[in-house]
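This report refers to the structure that appears directly beneath it.
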Amino acid sequence: MTKVKLSEFAMARSGDKGDGSNVGIFVTNDADYELIKRELTVERVRKHFEKICFGEITRFEAPNILALNFLLRDSLGGGGSESLKTDAQGKTHGLGLLEMEVER
């Protein structure tokens with residue numbers, strides 16, 4: 001096994017809802033789905049986003065589409081209309097998670 005960025009084999013989609021962001025990571029085969037289930041724990045995602053996410057993180061598994069979805073609460077500094085953050089809408093959080101390195 002070697003360390004690689006998620007961006008080398010996974011895709012992401014993210015967005016926002018109020019003060020939380022929603023990050024979906026999906027892959028194209030069963031082996032990579034098993035890998036992301038193993039590697040993308042709530043604890044690792046929390047560590048990865050520790051400077052921007054101050055609330056609860058919930059992970060949802062969607063095996064039928066080979067995806068994991070993470071809800072990051074309190075990650076947008078109040079949301080689009082309240083925050084001075086550059087990305088108060090959470091659109092780049094998916095790209096941010098794709099920077100995480102995993103064992104593959």
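Below are the figures for this structure:
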{"item": "Tally, over segment 4-19, of residues that are buried (at least 17 other Cβ atoms within 10 Å of the Cβ) and either within 15 Å of Gly96 (Cβ to Cβ) or without any contact (Cβ under 8 Å) to a residue 40 or more places away in the chain (or both)", "result": "5"}
{"item": "Of the criteria (1) closer than 19 Å to Glu103 by Cβ; (2) over 12 Å from the mean Cα position of the chain (by Cα); (3) surrounded by 13 or more Cβ atoms within 10 Å (Cβ to Cβ); (4) not small (Gly, Ala, Ser), which one Arg46 fails", "result": "(2)"}
{"item": "Count - residues of segment 8-33 that are outside any strand (DSSP E or B), out of contact with any helix residue (DSSP H, G or I) (no Cβ under 6 Å at 6 or more places or on another chain) and closer than 9 Å to Leu66 by Cα", "result": "5"}
{"item": "Answer residue from segment 49-76, given it is assigned to a loop (DSSP other than H, G, I, E, B) and crowded, with 16+ Cβ neighbours inside 10 Å and is modelled with the lowest pLDDT among those", "result": "Leu76"}
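The values are calculated or read from the model by the stated rules, or taken from the named source; none is laboratory data. Owing to the predicted nature of the structure, the values given are computational and were not obtained by experimental measurement. Every residue, glycine among them, receives a Cβ derived from its backbone with ideal geometry; neighbour counts consider all protein chains shown.
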